[in-house]
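This report concerns only the one structure given below.
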Amino acid sequence: VYGDNATYYHPPVDRFERIEVMKGGAQIAYGPQTIAGAVNYVTPRPPSTPSVSLTVLGGNRGYFNGHGTYGTTVGRTGLLFDYMRKQGDGSRDNLNFTLNDVTMKLVQGVGASQTWTFRGNYYGEDSNVTYSGLRQDEFAANPRANVFSNDFFYADRIGTSATHALALGGNAALTTNLYWSTFKRHWWRQSSNSA
């Protein structure tokens with residue numbers, strides 16, 4: 001559990017079907033690191049028929065949010081492909097961001113009671129961001145100013161997982177997850193010379 005998980009990596013919520021928040025006995029299903037509760041991000045299953053979805057949003061200061069999804073199921077095999085790109089110039093000078101997120105999901109039914117799910121994801125971010133704000137006199141001179149032009153955040157994350165689900169009968173089921181990820185972050189911070 002991170003105190004500030006956005007400092008490391010947080011997946012774009014746009015690509016989830018729903019977000020479950022659990023506390024109490026239900027959290028046991030999600031492992032030993034669920035001290036106070038569990039937040040479960042649920043990605044959509046491949047649709048039963050071919051389906052395409054495209055969302056494009058735009059705004060001032062160069063804001064763009066494009067999200068495309070294609071999915072289908074043939075026989076007992078479902079496939080889902082998801083791509084998202086976000087970019088913008090930020091609310092102040094010397095602030096901008098570009099984010100790319102690509103996800104593939106394959107769901108394969110085996111017999112009447114087993115399912116294999118394979119997922120792969122790439123997340124890349126290239127942002128010119130800063131923690132620093134403006135002093136009162138700097139704000140009065142230019143409220144959109146940002147003297148920290150050398151604050152940069154670069155992130156690359158690759159993740160993959162395989163999940164086997166087995167229905168044991170009645171209300172009993174067994175789910176096994178194998179997963180791997182790598183995360184690389186470069187964060188350049190310009191020192192402040194403000195009085």
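The values are calculated or read from the model by the stated rules, or taken from the named source; none is laboratory data. Values in this document were obtained by computation on a predicted structure and should not be read as measured data. Using ideal geometry, Cβ is built from the backbone for each residue, glycine included, and neighbour counts are taken over all protein chains shown. All accessible areas refer to the heavy atoms of the entire protein, side chains included, with ligands and DNA or RNA removed. Shrake-Rupley method; radii C 1.70, N 1.55, O 1.52, S 1.80 Å.
Quick notes
- Scanning the stretch 148-195 for residues that are surrounded by 14 or more Cβ atoms within 10 Å (Cβ to Cβ), among the basic types (Lys, Arg) and assigned to a strand (DSSP E or B) yields one hit, ARG157.
- Residue in the stretch 90-100 that is within 15 Å of PHE16 (Cβ to Cβ) and within 19 Å of the chain's Cα centre (by Cα) present: no
- Scanning the stretch 53-107 for residues that are charged (D, E, K, R) and free of Cβ contacts under 8 Å to residues at least 24 places away in the same chain yields a total of 1.
- Checking GLY59 against (1) open to solvent by less than 50 Å² (accessible area, probe 1.4 Å); (2) closer than 30 Å to ALA173 by Cα, the condition it does not meet: (2)
- Looking across the stretch 1-21, the residues that are at pLDDT below 80 and of a type outside the set (Asp, Glu) come down to VAL1, TYR2, GLY3, ASN5, ALA6, THR7, TYR8, TYR9.
- Residues in the stretch 148-195 that are in contact with a Leu (Cβ under 7 Å, 6 or more places away or on another chain) and among the β-branched types (Val, Ile, Thr): there are none.
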